[in-house]
Amino acid sequence: VNYPKEVSAVSESPEILILNGPNLNMLGVREPNIYGCETLADIEELCRKRAIAHGLKGNFKQSNSEGEIVADIQSARDTAAGIIINGAGYTHTSIAILDALKISELPIIELHLSNIHAREAFRHHSYIAKAATGIICGFGAHGYVLAIDAMARLIECAD
Ligand code: CA2
């Protein structure tokens with residue numbers, strides 16, 4: 001595959017919004033057995049490089065606030081070609097985030113570091129799943145790489 005060089009990443013590259021929900025800023029600090037040892041900054045760097053490899057721009061964000069996540073999704077309607085979202089705890093509770101994702105009319109990939117289906121029953125249900133084109137979970141930080149690869153394909157097919 002002939003990936004573009006890093007230097008050729010220009011501001012006109014289609015943007016992917018990569019949203020991370022509450023407490024994910026604490027990654028690498030506790031529970032490495034469940035979530036891996038990478039910090040969120042490590043994951044951001046992984047995403048930046050993978051997005052560039054596809055000629056895309058990764059816009060990586062984390063918020064502990066449901067309202068801020070909703071606002072970011074609303075803005076993405078005009079600025080992004082797709083959304084990758086690890087909603088963290090809001091995955092299992094937030095109809096507001098689900099509604100915002102549906103309104104965006106963008107391709108959506110739901111992502112989790114852990115395999116939520118192998119964990120407590122309250123993690124088995126996801127509101128975000130109802131708006132998602134597809135779901136990736138259980139692959140730790142590598143899941144973000146897989147999600148960017150999948151999003152690149154979705155965006156390409158939409159052209
Ligand atoms: O596996 C995932 O990616 C989750 O979205 C992570 C959420 C959890 O509520 C979801 O069910 C699955 C939790 C994020 C909290 O992150 C922590 C970071 C460091 C230490 C402890 C938790």
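The values are calculated or read from the model by the stated rules, or taken from the named source; none is laboratory data. Model, not experiment: these values are computed from the prediction. So basically every Cβ, Gly included, is an ideal-geometry build from the backbone, and we count neighbours across all protein chains shown.
Okay, here's what the table says:
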| read-out | value |
| --- | --- |
| Which numbered condition PRO32 misses (of (1) within 15 Å of the ligand (Cβ to nearest atom); (2) modelled with pLDDT of 95 or more) | (2) |
| Residue in the stretch 129-141 that is in a loop (DSSP other than H, G, I, E, B), within 15 Å of the chain's Cα centre (by Cα) and of a type in the set (A, V, I, L, M) present | yes |
| Yes/no for LEU146 being farther than 20 Å from ASN23 by Cβ, in a loop (DSSP other than H, G, I, E, B) and among the aliphatic types (A, V, I, L, M) | no |
| Residue under evaluation GLU38, criteria (1) under 19 Å from ALA150 (Cα atoms); (2) among the charged types (D, E, K, R); (3) not in a helix (DSSP H, G or I), criterion not met | (1) |
| Members of the stretch 99-111 that are buried (at least 20 other Cβ atoms within 10 Å of the Cβ), aliphatic (A, V, I, L, M), more than 8 Å from the ligand (Cβ to nearest atom) and not in a loop (DSSP other than H, G, I, E, B) | ALA100, LEU101, ILE108, ILE109 |
| Some residue of the stretch 112-130 being within 10 Å of the ligand (Cβ to nearest atom), under 20 Å from PRO14 (Cβ atoms) and in contact (Cβ under 8 Å) with a residue 40 or more places away in the chain | no |
| Test: residue in the stretch 23-35 that is in a helix (DSSP H, G or I), among the β-branched types (Val, Ile, Thr) and surrounded by 19 or more Cβ atoms within 10 Å (Cβ to Cβ) | no |
| Qualifying position, being under 30 Å from CYS157 (Cα atoms), more than 10 Å from the ligand (Cβ to nearest atom) and out of contact with any Asp or Glu (no Cβ under 7 Å at 6 or more places or on another chain), among GLY21, GLY58 | GLY58 |
| Test result for GLU105, modelled with pLDDT of 95 or more and more than 24 Å from ALA152 (Cβ to Cβ) | no |
| Residue in the stretch 58-67 that is closer than 13 Å to ILE128 by Cα, without any contact (Cβ under 8 Å) to a residue 40 or more places away in the chain and either in contact with a Cys (Cβ under 6 Å, 6 or more places away or on another chain) or small (Gly, Ala, Ser) (or both) present | no |
| Hits in the stretch 143-156 (condition: more than 9 Å from the ligand (Cβ to nearest atom) and either in contact (Cβ under 8 Å) with a residue 12 or more places away in the chain or aromatic (Phe, Trp, Tyr) (or both)) | TYR144, VAL145, ALA147, ILE148, ASP149, ALA150, MET151, ALA152, LEU154, ILE155 |
| Where SER104 falls short, out of the listed (1) touching a helix residue (DSSP H, G or I) at 6+ places or on another chain (Cβ under 6 Å); (2) in contact (Cβ under 8 Å) with a residue 60 or more places away in the chain | (2) |
